[in-house]
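The values are calculated or read from the model by the stated rules, or taken from the named source; none is laboratory data. The model shown is predicted, which means the values in this text are computed figures rather than measured ones. Glycine also receives a Cβ, built like all others from the backbone with ideal geometry; neighbour counts cover every protein chain displayed. Only protein heavy atoms, including side chains, enter the accessible area calculation; ligands, DNA and RNA are left aside. Shrake-Rupley method; radii C 1.70, N 1.55, O 1.52, S 1.80 Å.
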Amino acid sequence: MMRCLLVAENLADMNVLCAFAQKSGGEYDVLLLTREPETDLGAQTVYFASLDVPPPVDSLADNLLSLAESYDMVGGVASMFGKDWLARLAGMMNVPMVGDIIEIHGENVYTRPMYAGNVFAKVKVESPRYVFSVRSTAFANPSKSGTSKTEKIEIAITGTTKRLSKSAKQGGRPDLTQAKVVVSGGRPLKDAETFEKLIGGLADALGGAVGATRAAVDSGIAANDLQVGQTGKIVAPELYIAVGISGSTQHLAGMKDSKVIVAINTDPDAPIFQVADYGLVQDLYVAIPQFLEKLKRS
């Protein structure tokens, strides 16, 4: 029976990883980097570091190397942070890595997306030890099964990377990767003030989070942590509203698993309409104010 170490940045990641481990079978322990842990998700031992913020990836990999030696599998969530430290650790351990797992077919057999989600590969890991990452939207609702042992561990800053400061997200909007409603905007929003007024206003009216395309981020219209897509965050909310977004392959890879997709675009041939459940061919500067006015009335 394979033993697995799951490394979680936060409680949301811990839930995803425990759901994956329960579906995989076998024994697993969890290392939670921040906050106090949950202890009823089936892990034998829950290690916790109680850090304010995750450590730099080089220090994390250095600290995990000796701990990982007693496990067959080491995994985390395929976030921007996870993709960085997991690949580094796999190289240090000299073991293969399977990334962005979205489905389990049996022992060491998984489905993962390739080419920005246009191809899904069924892969089998032949190595007896490996590192893996799972997509945060693919696994959920782990069962409550007993109480784990807890053990606090220290993570030393050993690498050459130093964290100079941290900035906290302001406002009361839900986290982008956890929100049930996401409203995303593209480059046609022109500037940051317009983006916040229209996209932020609609998101607030619906109690949702704000997302953006890479083009909007690169243009300085939206913050980097709002980027949805292959090189940004992967989301799968109950409702995804794409405003002024043409639907590039890179962006679709980050949101096409959403339950209901609404697209607003002036181009009736925009690729976004191919994945949308509802489409509106209209200028966003006309559509969004109308939506906001109707939401205020209701």
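Which members of region 12-26 meet the condition of being in a helix (DSSP H, G or I) and touching a Lys or Arg at 6+ places or on another chain (Cβ under 9 Å)? Of everything in region 12-26, just one residue is in a helix (DSSP H, G or I) and touching a Lys or Arg at 6+ places or on another chain (Cβ under 9 Å), namely 16. For region 191-209, the criterion of being of a type in the set (Val, Ile, Thr) and not in a helix (DSSP H, G or I) is satisfied by no residue at all. Checking the stated criteria, residue 5 turns out not to satisfy the condition of being of a type in the set (A, V, I, L, M), open to solvent by 30 Å² or more (accessible area, probe 1.4 Å) and more than 18 Å from the chain's Cα centre (by Cα). Restricting the first member to region 83-103 and to residues that are at negative phi and surrounded by 16 or more Cβ atoms within 10 Å (Cβ to Cβ), and the second to residues that are part of a loop (DSSP other than H, G, I, E, B) and of a type in the set (Asp, Glu), the beta-carbon pairs closer than 9 Å and six or more apart or on different chains are 93/69; 102/257. Residues in region 258-298 that are closer than 21 Å to residue 207 by Cβ, part of a loop (DSSP other than H, G, I, E, B) and acidic (Asp, Glu): 277 alone.
How many of the residues in region 62-82 are touching a residue at least 60 places away in the same chain (Cβ under 8 Å), open to solvent by less than 30 Å² (accessible area, probe 1.4 Å) and outside any loop (DSSP other than H, G, I, E, B)? Residues flagged as touching a residue at least 60 places away in the same chain (Cβ under 8 Å), open to solvent by less than 30 Å² (accessible area, probe 1.4 Å) and outside any loop (DSSP other than H, G, I, E, B) within region 62-82 amount to 7. Does residue 53 satisfy the condition of being open to solvent by 40 Å² or more (accessible area, probe 1.4 Å) and either in contact (Cβ under 8 Å) with a residue 60 or more places away in the chain or more than 22 Å from the chain's Cα centre (by Cα) (or both)? So residue 53 fits the description; yes. Just give me the residues in region 241-264 being open to solvent by 20 Å² or more (accessible area, probe 1.4 Å) and free of Cβ contacts under 8 Å to residues at least 60 places away in the same chain, in sequence order. Within region 241-264, 248, 259, 260, 262 qualify. Look at residue 5 and say whether it is modelled with pLDDT of 90 or more and closer than 30 Å to residue 119 by Cα. Yes.
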